[in-house]
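Novice: First, the structure itself, so that you have it in front of you.
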Amino acid sequence: MKLVVALAAGALAVLPVAGPAWASAAEEVGTLPIGLAPAAALHVQDISGDVTIRSGPAFSVRFRKYGGSDPSGVRVLGEQRDGETRVCVRYPGDDGRGCDGDYSSHVHSDVSVDLIVTVPPRTRVNANDVNGTVDVRTSGLVNAQTVNGRVIVDAAAAESLRTVNGEISATLHDPRAFATLRAETINGAVTIRMPSGSAHVRASALNGDIAELGLPVTRPQFGPGASVDGQSGSGGPSLILKTLNGSIRVEPI
């Protein structure tokens with residue numbers, strides 16, 4: 001069984017043109033009336049705009065729509081099924097397909113949507129974006145991805161952090177809570193902070209350097225590039241870190 005919640009413009013407050021510096025000609029703010037099942041995973045999918053997720057006592061979803069066009073046709077959807085809660089943004093033409101559908105129609109709109117989500121402690125979070133920053137600071141396990149924007153994580157653990165144009169910065173407090181972390185970007189730096197301890201590190205940077213905890217860095221005799229493949233301490237998670245244009249750092253908290 002699938003429960004779908006959608007908010008249309010009639011249920012939202014329309015703000016005047018005057019407002020924050022980032023606001024444009026039209027703006028709407030609102031909340032999504034959907035709950036989070038106990039121990040459920042949260043999946044968030046944005047397209048244009050920032051995703052911000054924080055730990056808190058209760059689950060809530062707020063959003064800001066803004067752009068030069070009328071934002072009323074852009075919908076924030078919520079679905080509950082198979083023990084998961086999904087929150088997504090859909091543009092006219094794609095909104096009838098739910099959170100699993102295509103989202104290609106956003107190319108015809110200049111409306112952006114910022115999602116601000118509060119999750120209970122230890123909630124598993126999967127956050128995805130296309131054009132915007134993904135910023136997740138919780139006490140659970142995180143997967144985060146965007147295309148044009150930064151990935152910022154402060155959590156117990158993470159498994160996959162990816163972007164194309166932007167930096168990755170992750171502070172992970174419980175290395176025992178994950179077996180492997182993959183953090184990859186093309187244009188940007190990768191910085192991982194963990195408690196002092198053990199990890200197997202495989203890292204490569206084409207146009208940039210690598211600073212790692214006590215492991216030798218291999219550099220070619222001719223041409224750019226740097227790589228690390230080694231074990232720090234005994235046991236611990238595997239860190240697979242890659243960038244083409246940027247530096248890689250593994251630092252103690």
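Rule-based calculations on the coordinates, nothing more; no lab input. Note that the structure is a prediction, hence the values are computed from the model and not measured. Quick reminder, even Gly has a Cβ in these numbers, built from the backbone with ideal geometry, and neighbours come from all protein chains shown.
Novice: Would you list the strands (runs of 3 or more DSSP E) that sit entirely within region 181-253 and hold 3 or more residues that are touching a Pro at 6+ places or on another chain (Cβ under 8 Å) and touching a residue at least 24 places away in the same chain (Cβ under 8 Å)?
Specialist: Those strands (runs of 3 or more DSSP E) span 199-207.
Novice: Would you check which residues across region 210-228 are of a type outside the set (A, V, I, L, M, F, W, C) and surrounded by 15 or more Cβ atoms within 10 Å (Cβ to Cβ) and list them? Working first, answer last.
Specialist: Looking only at region 210-228, we keep the residues that are of a type outside the set (A, V, I, L, M, F, W, C), and these are 212, 214, 216, 218-221, 223-225, 227.
Within region 210-228, GLU212, GLY225, SER227 qualify.
Novice: Counting just the residues of region 49-82 that are of a type in the set (Ser, Thr, Tyr) and in a strand (DSSP E or B), which one comes out farthest from LEU141 (Cα to Cα)?
Specialist: Of all residues in region 49-82, those of a type in the set (Ser, Thr, Tyr) come to 52, 55, 60, 66, 69, 72.
Now drop any that are not in a strand (DSSP E or B), which leaves 52, 55, 60, 66.
Numbers: THR52: 15, SER55: 12, SER60: 18, TYR66: 30 Å.
Only one residue tops the list, namely TYR66.
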